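Below is one structure, written out as structure tokens; comments come after it.
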Amino acid sequence: MTVVFDENKLPVFTNEHVPMALYRVIAELLNNTLKHAQANHIQLIVDVTAETMKIDYADDGIGIQQKEGRTSNGIGMQNIESRLGIINADWQIVAPQNGGYGVIISVPLK
């Protein structure tokens, strides 16, 4: 697993529930990859600006059978979508260039 995060750019959340929601979303993404994806590598990139925190999650596994967008399959994905909705995050499921599964999450900081 590769994690890219500039520790000099720490996010300041206005809602105290955002950090735990993001922790649980990332934990669920990791769990789904480890359980189902048969992936060899996971990449997590976190970029923080004054107004948003962007999380780019991707694995090189077998992917999932769904179209790109915001369509849920199982309970785990429904939990992810629910948590992201509660914190007003935008997200999009994407297919990484090398195959696998990816999701881009954008969390407002203001």
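The values are calculated or read from the model by the stated rules, or taken from the named source; none is laboratory data. Predicted, not measured: the structure shown is a model, and the values here were computed from it. Virtual Cβ from ideal backbone geometry, glycine too; neighbours counted across all protein chains shown. Just the protein is used for accessible areas: all its heavy atoms, side chains included, with ligands, DNA and RNA removed. Shrake-Rupley method; radii C 1.70, N 1.55, O 1.52, S 1.80 Å.
Taking only protein heavy atoms into account and a 1.4 Å probe, give the accessible area per residue of the chain in Å².
Accessible surface, normalised per residue, equals 63 Å².
When every alpha-carbon pair in the chain is counted, what percent end up more than 17 Å apart?
Working: 3076 of 5995 pairs.
For the chain, the fraction of Cα-Cα distances above 17 Å is 51 percent.
Work out from phi, with θ = phi - 60° and the Karplus expression 6.51 cos²θ - 1.76 cosθ + 1.60, the ³J(HN,Hα) of each residue of segment 81-86, listed in order in whole Hz, and give x for Gly and Pro.
Going residue by residue, I get 4, 5, 4, 5, x, 4 Hz, with x marking Gly and Pro.
Taking amide H positions as placed in the peptide plane 1.01 Å from N, state which residues far from Gly100 in sequence (5 or more) or on other chains have amide H under 5 Å from it.
Result for Gly100 returns Gly63.
Using only the Cα atoms of segment 1-43, what semi-axes does the equivalent ellipsoid have when each is the square root of 5 times a gyration tensor eigenvalue? Give whole Å, largest first.
Semi-axis lengths for segment 1-43 are 25, 15, 4 Å.
Toward the positive end of the charge dipole of the chain, about the Cα centre and with charges on Cβ (Lys, Arg +1; Asp, Glu -1), which of Gly63, Ile75, Thr2 goes farthest?
Of Gly63, Ile75, Thr2, it is Ile75.
Counting pairs on different chains as well as pairs 8 or more places apart, how many Lys pairs in the chain have Cα atoms under 25 Å apart? Kindly include the intermediate steps, with their values, before the conclusion.
On the way: Lys9/Lys54; Lys9/Lys110; Lys35/Lys54; Lys35/Lys67; Lys54/Lys67; Lys54/Lys110.
For the chain, qualifying lysine pairs total 6.
Carbon and sulfur: what percent of the chain's accessible surface (1.4 Å probe)?
About 49 percent, which is the carbon plus sulfur part of the accessible surface.
For helix 18-32, report the angle its Cα long axis makes with the longest principal axis of the Cα atoms of the chain; keep it between 0 and 90° and round to the nearest 10°.
10
What is the local net charge at Asn98, summed over the other residues whose Cβ is closer than 15 Å to its Cβ (Lys, Arg +1; Asp, Glu -1)?
Computed value for this residue: -3.
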